[in-house]
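Visitor: Let me give you the structure first, and then I'll get to my questions.
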Amino acid sequence: MIEIVPDVLEYKPPFTTSSTEYVTITNKSSDTVAFKVKTTAPKIYCVRPNAAVVAPGEQVQIQVILLGLSEEPAPDFKCKDKFLLITLPAPYELGDSTVAEVWPQLEAEFKQQAVSKKIKVKYLINTQSGKAPVDDLVAEEEPGDVSQNASMNKVNEKAAPVFATTSDDDVPSVNAEKKSSGNTFSLFQDGAPIFNPALVLLAALLALVLGWLYY
């Protein structure tokens, strides 16, 4: 019996830096098995080891490394990346050969005994804000076929972030600032001239003195 865990690889932000999750294969059978890992996004992940043998009663831990995206995914992004882990009986000594080299031979001979498991990938985008992960809120999709040559999940095709711009209506005009300032002097207020009573009285007295001197 071969046990493969987990069912889902969960990656946390930030997604623009490298991070690692693990898959564990436990061989509970009495025979040596070989495994091989395939993915739908070979340019985004690195798997170590991607092919090896597991002796009876032993387990192997596989590193699945997210290499880092070019930009953070959108809040509503749902990752569709998948991994396929295949195990085959490996009763022969491999010698100097690698699992990758003898895999076609093992597959041709023991294909009917192959055990495979699909592992999904989830990006926990909203975990930092305390919200539930977006993937938990979206209906689960049926897993598709996994191939080593399948096209990668193009996160980079997501629209670039839109930065809000300040419109002209948001910026007060210079004239409005001057009009509302208490330190701004003007000869007019609300369209009418400003009269100072003291100036009017002084002008009248000056006219009276001038008239008395000349007459």
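Visitor: Can you order the peptides 13-21, 30-38, 61-69, 104-112 by their average number of other Cβ atoms within 10 Å per residue, highest first?
Guide: 30-38, 61-69, 13-21, 104-112
Visitor: While we're on this one: Per the Cauchy relation, a quarter of the hull surface: what is the mean projected area of the convex hull of the alpha carbons in the range 11-69, in nm²?
Guide: Projected area, direction-averaged: 4.1 nm².
Visitor: In whole angstrom, how long is each semi-axis of the equivalent ellipsoid of the range 2-123, when you take the square root of 5 times every eigenvalue of its Cα gyration tensor and sort them from largest down?
Guide: So the equivalent ellipsoid measures 30, 14, 12 Å along its semi-axes.
Visitor: For residue 118 and residue 94, what does the FRET efficiency come to when R0 = 25 Å and r is the distance between their Cβ atoms, rounded to the nearest 0.05?
Guide: With R0 = 25 Å, the Cβ-Cβ based efficiency is 0.40.
Each value in this text was obtained by applying a stated rule to the coordinates, not by laboratory testing. All of these numbers come straight from a predicted model, not from anything done at the bench. Note: ideal-geometry Cβ built from the backbone for every residue, glycine included; neighbour counts use all protein chains shown.
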